[in-house]
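Asks: First, the structure itself, so that you have it in front of you.
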Amino acid sequence: MLQKLIIIGSGPAAWTCAIYAGRANLQPVVYEGAITEENRLRGTLPLGQLNLTTEVENFPGFPKGIAGPELMVRMREQATELAGATVVTEDITEVDLSRRPFVLSDSTGQKVETHALVIAMGASANYLGLESEARFKNNGVSACAVCDGALPRFRNKALIVVGGGDSAAEEGDYLSKFASTLYLVHRRDKLRASVAMTQRILSNAKIKPVWNSVIEEVLGNDSQGMTGVRIKNVQTMEMRTIDAAGMFVAIGHTPNTAFLKNQVACDAKGYIILKEGFRTLTSVEGVFAAGDVADATYRQAITASGMGCKAALDAERWLAEKGIH
């Protein structure tokens with residue numbers, strides 16, 4: 001069946017786009033992703049990364065905060081019940097953007113055609129890959145300081161940031177507002193961050209660099225969550241333990257754009273390039289991008305939602321220009 005608009009994704013960008021598109025009578029179809037072990041490991045299960053977050057305290061309209069899964073379920077319900085979006089719980093595995101209408105293939109092998117496409121697949125945070133790290137993810141281990149750093153479990157506690165680039169420096173600088181002490185663990189003897197960020201973080205009295213070191217194990221228990229880490233000095237092989245209430249991994253994100261197979265222009269890191277400033281147009285006419293898949297800077301639920309709104313409006317106007325109603 002030929003669709004007016006298909007949205008690929010399951011986070012704030014996708015659901016906000018579906019709400020606006022549905023209200024515009026575009027009958028959007030949302031491919032929210034399949035429930036598979038591969039998607040679980042990548043953090044791309046339905047409802048996105050916020051579904052793995054405990055408390056969200058910085059999304060407007062919830063003065064007492066809201067659980068991440070509850071927020072995502074509400075968004076999904078609003079898209080389906082109020083806006084009439086159709087949801088398909090499968091992955092889009094291939095796209096052919098050389099044809100019009102576009103042809104998409106899902107994880108069951110079924111093909112579907114669409115006049116317009118919004119890509120809102122997000123970006124998966126890179127983690128260290130430790131079994132102990134996975135055990136305490138969202139129970140002390142996080143990849144987003146702005147999302148989680150102000151939570152009560154981290155306030156006035158020792159915290160750890162892993163990484164050495166600008167992201168790690170920015171995360172550390174932000175977390176120092178809440179931490180009693182912040183340990184910056186980096187495998188080299190100097191940061192890769194910009195000179196300005198390096199000076200800022202190393203001059204912060206709360207921040208203690210742990211050079212030439214890597215995380216060997218995240219420590220903790222079921223009742224308290226994470227309680228510390230075991231680290232190894234890569235030069236001396238010496239092991240030591242640091243007590244800490246949280247570990248923030250800041251070693252980058254990977255945008256979920258591999259399935260596009262270079263049919264849409266992306267930057268060197270894989271983020272979709274937007275053609276016109278604040279709009280959501282991509283290099284392919286009729287294809288729009290929203291959320292973290294096209295945002296390497298902010299990566300917040302509220303900015304993703306805003307981009308989802310813009311993508312719906314851009315798609316609606318483009319379809320109208322083509323005489324598709």
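The values are calculated or read from the model by the stated rules, or taken from the named source; none is laboratory data. None of the values given here were measured: they were computed from a predicted structure. No Cβ is skipped: glycine too gets one built from the backbone with ideal geometry, and neighbour counts run over all protein chains shown.
Asks: Hey, can you tell me all the residues within the stretch 216-245 that are under 14 Å from Phe154 (Cβ atoms) and among the hydroxyl-bearing types (Ser, Thr, Tyr)?
Replies: Within the stretch 216-245, just Thr227 meets the criteria.
Asks: Sticking with this one: Out of the stretch 251-291, which residues are among the hydrophobic types (A, V, I, L, M, F, W, C), in contact (Cβ under 8 Å) with a residue 24 or more places away in the chain, over 21 Å from Ser167 (Cβ atoms) and assigned to a loop (DSSP other than H, G, I, E, B)?
Replies: Correct list: Val264, Phe278, Val284, Ala290.
Asks: Ok, one more. Name, by its number, the condition in (1) at pLDDT 95 or above; (2) of a type in the set (D, E, K, R); (3) over 30 Å from Ile66 (Cα atoms) that does not hold for Lys157.
Replies: With respect to (1) at pLDDT 95 or above; (2) of a type in the set (D, E, K, R); (3) over 30 Å from Ile66 (Cα atoms), Lys157 is out only on (3).
Asks: Based on what the data block shows, is Ala21 within 21 Å of Leu260 (Cα to Cα), touching a residue at least 60 places away in the same chain (Cβ under 8 Å), buried (at least 24 other Cβ atoms within 10 Å of the Cβ) and assigned by TED's automatic domain parsing to the domain that holds Val95?
Replies: No; evaluated as a whole, the condition is false for this residue.
Asks: Is it true that Thr236 is over 20 Å from the mean Cα position of the chain (by Cα) and either in a loop (DSSP other than H, G, I, E, B) or over 20 Å from Val161 (Cα atoms) (or both)? Reasoning before the result, please.
Replies: Numbers: over 20 Å from the mean Cα position of the chain (by Cα): yes; either in a loop (DSSP other than H, G, I, E, B) or over 20 Å from Val161 (Cα atoms) (or both): yes.
Here the answer is yes, as Thr236 does meet what is asked.
Asks: Here is a further query. Name the pairs: first residue in the stretch 206-229 and touching a residue at least 40 places away in the same chain (Cβ under 8 Å), second residue among the aromatic types (Phe, Trp, Tyr) and outside any strand (DSSP E or B), Cβ to Cβ under 6 Å, at least 6 apart or on different chains?
Replies: Val218/Phe136; Gly220/Phe136; Gly225/Phe136; Met226/Phe136
Asks: Related question: Would the stretch 98-107 turn up any residue that is under 18 Å from the mean Cα position of the chain (by Cα) and basic (Lys, Arg)?
Replies: No, the conditions are met nowhere in the stretch 98-107.
Asks: Separate question: If Met307 meets every condition in (1) surrounded by fewer than 19 Cβ atoms within 10 Å (Cβ to Cβ); (2) hydrophobic (A, V, I, L, M, F, W, C); (3) outside the structural domain of Val218 (by TED's automatic domain parsing) apart from one, which number is that one?
Replies: Going through (1) surrounded by fewer than 19 Cβ atoms within 10 Å (Cβ to Cβ); (2) hydrophobic (A, V, I, L, M, F, W, C); (3) outside the structural domain of Val218 (by TED's automatic domain parsing) one by one, Met307 breaks only (1).
Asks: Return yes when Tyr271 is surrounded by fewer than 16 Cβ atoms within 10 Å (Cβ to Cβ), among the aromatic types (Phe, Trp, Tyr) and assigned by TED's automatic domain parsing to the domain that holds Ala24 and no when it is not.
Replies: no
Asks: Just for strands (runs of 3 or more DSSP E) wholly inside the stretch 150-227: which have at least 1 residues that are surrounded by 17 or more Cβ atoms within 10 Å (Cβ to Cβ) and in contact with a Cys (Cβ under 6 Å, 6 or more places away or on another chain)?
Replies: It comes to none.
Asks: Report those strands (runs of 3 or more DSSP E) wholly inside the stretch 61-142 carrying at least 2 residues which are β-branched (Val, Ile, Thr).
Replies: Hits in the stretch 61-142: 86-88, 92-96, 111-120.
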